[in-house]
Amino acid sequence: MVTDILGTALRDYLRGQFMSPLLLHTSYGETEEMPVDEFFRGPGDFPELEHVALSFCSGKTLDVGAGAGSHALYLQQRGMDVHALDISPLAATVMKQRGVEQVSTADFFNYRTGQYDTLLFLMNGIGLCGDLEKLKVLLRHCRSLLRAGGQLLFDSSDIAYLYADGSVTRPSGYYGQIRYQYEYRGNRGAPFNWLYIDQNTLTQLAQQAGWAVQVLFEDGNDQYLVRLVVR
């Protein structure tokens, strides 16, 4: 039984053996195709938001949910001390094969190795917390991994637009809490929760947790990049 669905798709893509779409089943009713080549982009294909985030990285950096390692590779090539972390063992293997030098496999919430100047979560990586309560836990854990003056960089989106025309039923709880499930080559992984958070809610929660909040970039399509620094 295949359990590391995303990792399997990344491995097959790297080997040139990608044979079927990577599908994402969603709690709002649609099944989407995930473009796996997005995980293998070079700097020329990074959107402006990601270039801004990467330009703010400094010191010892942990790239969380690093996937195929594209952002870690970019920082590494700039001479930065960057460590890539992913929960998928196959993704970790892919990163090593692509040349990422420092790679670890772990659930972020159980990761306690080292102190960092920058924690980086791109491609809405902060969403791995799954819901607002777990986001509070994540913010506390991030503080434990940061050195004095350290920063947390991540992007997220306000997905209120999904429910704007009434065709999709708005959840009873916070509307940015989504349920996903990957499917690849006929195999489905375990369902998992993912969080998209609007700026106002994020700012309120982060400030309550003792972070200073700076919005660095907005793309005009409800996506934004934020920098959090411990006050």
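The values are calculated or read from the model by the stated rules, or taken from the named source; none is laboratory data. Treat the numbers as computed from the prediction; the structure is a model and nothing was measured. As a convention, Cβ positions derive from the backbone with ideal geometry for all residues, glycine included, and neighbour counts pool all protein chains shown. Ligands, DNA and RNA are stripped out before the accessible areas are found, and what is left, the full protein with its side chains, is counted by its heavy atoms. Shrake-Rupley method; radii C 1.70, N 1.55, O 1.52, S 1.80 Å.
With closer than 27 Å to I178 by Cβ and either open to solvent by less than 10 Å² (accessible area, probe 1.4 Å) or in contact with a Leu (Cβ under 9 Å, 6 or more places away or on another chain) (or both) as the only criterion, which of L75, L122 stands out?
L122
Would it be correct to say that R170 is in contact with a helix residue (DSSP H, G or I) (Cβ under 9 Å, 6 or more places away or on another chain) and open to solvent by 50 Å² or more (accessible area, probe 1.4 Å)?
yes
Quick one: how many residues across the stretch 14-23 are buried (at least 17 other Cβ atoms within 10 Å of the Cβ) and either free of Cβ contacts under 8 Å to residues at least 40 places away in the same chain or closer than 18 Å to I159 by Cβ (or both)?
Residues meeting the conditions: 1.
I'd like the full set of residues that are open to solvent by less than 50 Å² (accessible area, probe 1.4 Å) and touching a Leu at 6+ places or on another chain (Cβ under 7 Å), limited to the stretch 43-66.
L49, E50, V52, A53, L54, C57, T61, L62, D63, V64, G65, A66
Out of curiosity, is L225 under 20 Å from E50 (Cβ atoms), part of a strand (DSSP E or B) and in contact with an Asp or Glu (Cβ under 7 Å, 6 or more places away or on another chain)?
Taking the combined requirement at face value, the residue satisfies it.
Can you find, within the stretch 95-107, the residue that is most open to solvent (accessible area, probe 1.4 Å) among those that are under 17 Å from the mean Cα position of the chain (by Cα) and closer than 26 Å to E48 by Cα?
V103
Does the stretch 93-102 contain any residue that is touching a strand residue (DSSP E or B) at 6+ places or on another chain (Cβ under 8 Å) and touching a residue at least 60 places away in the same chain (Cβ under 8 Å)?
no
From the list D63, D117, which one is within 16 Å of the chain's Cα centre (by Cα), among the charged types (D, E, K, R) and not in a helix (DSSP H, G or I)?
Just a single option satisfies the conditions, and that option is D63.
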